[in-house]
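Here the structure comes first, spelled out in structure tokens, and everything after it is commentary.
The values are calculated or read from the model by the stated rules, or taken from the named source; none is laboratory data. Computed from a predicted model, the values in this text were never measured in an experiment. Backbone-built Cβ (ideal geometry, glycine too); neighbour counts: all protein chains shown. Please note that ligands, DNA and RNA were not included when accessible areas were found on the heavy atoms of the full protein model with its side chains. Shrake-Rupley method; radii C 1.70, N 1.55, O 1.52, S 1.80 Å.
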Amino acid sequence: MSPTHTNTNSDTQLRIQERALSAAGAAFVSAIIVNPLDVAKTRLQAQAAGVPYQGVCQMAPFQTNTTPHDIRCSAVSSSEPPLPCPSVCNRYKGTLDVLYKVTRQEGFPRLWRGTSASLALAVPTVGIYMPCYDILRNMVEDFTTQNAPNLTPYVPLVAGSVARSLACISCYPVELARTRMQAFRATQSGKPPGVWKTLLGVIHPDKGTNIFQSLHRYRFWWTGLGAQLSRDVPYSAICWSTLEPIRKSILGLAGDRASAATVLGANFSAGFVAGTLASAATCPLDVAKTRRQIEKDPERALKMTTRTTLLEIWRDGGLRGLFTGVAPRVGRAGPSVGIVVSFYEVVKYVLQLRHPT
């Protein structure tokens, strides 16, 4: 049988290091390509949660996210008086509007704001997620095939949910930092804070206080973890239970003539469809996750729950509020899943050629 099939002996012979290498490379490529859409999605959701984005009508140096709503925009020249900022400058109207305004007001590189966190998050997360999914799926499929064949179709759902939970819990603080880096505008002077400074800003350490005396503050790094799991577990369940049948059908058409190009096309197509459907279905949970992660009051953040956050979003914006940012989320997730899965499987395919079948 061709080594492109996921349950061949050559696949099971791949070492965990080889699986992790494949996944890390896939995550690296995906994080860089789709980051602008991630920024757009986060900005739209943060704006709906009340984060102010003061417009810079004449493309002058921008204000911070904490600037009061009634402040006036800076003029092009520091010698000129500030001009009133029309309300149109203060709000993002959609995905393209976010990309345009971020580019004009903050600079083109700001579309990749949070990429360092995305890479710091994606490489270890996917390095855990994909190999764990592979291993769990192979183990459980072998068991159900012999003992409970009627349960075999549900194996991707279970394996994807468990693997995603492990990856999410292990790397959550970096996810929190990424969301906050993308949601809040950087200050005019100085370099934007990185992952570590963003996390320190979450716990607000007191100078002169012993680290052990403030140890309880570090629990703030896991605020919103419940919302993250509430989004990622059903996302993975939907994604993998959709992806596997499509992938197997396409690879089945190629049969033993499958090549690296076939593996690439089959996995990208299946991943694109699965990622699009899963991201659209779980968008309300993503909105709730973002709102909990950008909450600046630590005590309120600890008391927030996913259920109360969803009810608050529904009360404020209705169905439209629950699906804020759905366009960039779907536009990001489809290609992202396609890139990650296809890159991962192609690298596995190449590595499998080194193993005897």
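Can you send over the solvent-accessible area of I169, 1.4 Å probe, protein chains only, in Å² to the nearest 10?
The accessible area comes out at roughly 80 Å².
Just subtract the alpha-carbon distance of V350 and A261 from 0.36 nm times their residue separation and send over the number in nm, one decimal. All intermediate terms of the calculation are to be shown ahead of the outcome.
Working: separation 89, 0.36 × 89 = 32.04 nm, distance 1.14 nm.
Difference between extended and current length: 30.9 nm.
Tell me, what is the per residue accessible area of the range 232-357 in Å², probe radius 1.4 Å?
Numbers: 5540 Å² over 126 residues.
Heavy-atom SASA per residue in the range 232-357 reads 44 Å².
Would you mind checking the pairs K41/K101; K41/K289; K197/K296; K41/K197; K248/K348 and listing those with alpha carbons more than 19 angstrom apart? Show your work: numbers first, answer last.
Working: K41/K101 14 Å; K41/K289 12 Å; K197/K296 15 Å; K41/K197 23 Å; K248/K348 16 Å.
Violating the 19 Å limit, Cα to Cα: K41/K197.
Measure off 7 Å from each Cα along the Cα-to-Cβ vector at I169 and F108, then give the distance between these two points in nanometres to one decimal.
4.4
Check each of the trypsin sites (Lys or Arg not before Pro) in the range 290-325 and keep only those in coil by DSSP with at most 15 other C-beta atoms within 10 angstrom; list them in order. It would help to have the intermediate numbers written out before the result.
Numbers: sites: R291, R292, K296, R300, K303, R307, R315, R320; in loops: K296.
Listed in order of number, the matching sites are K296.
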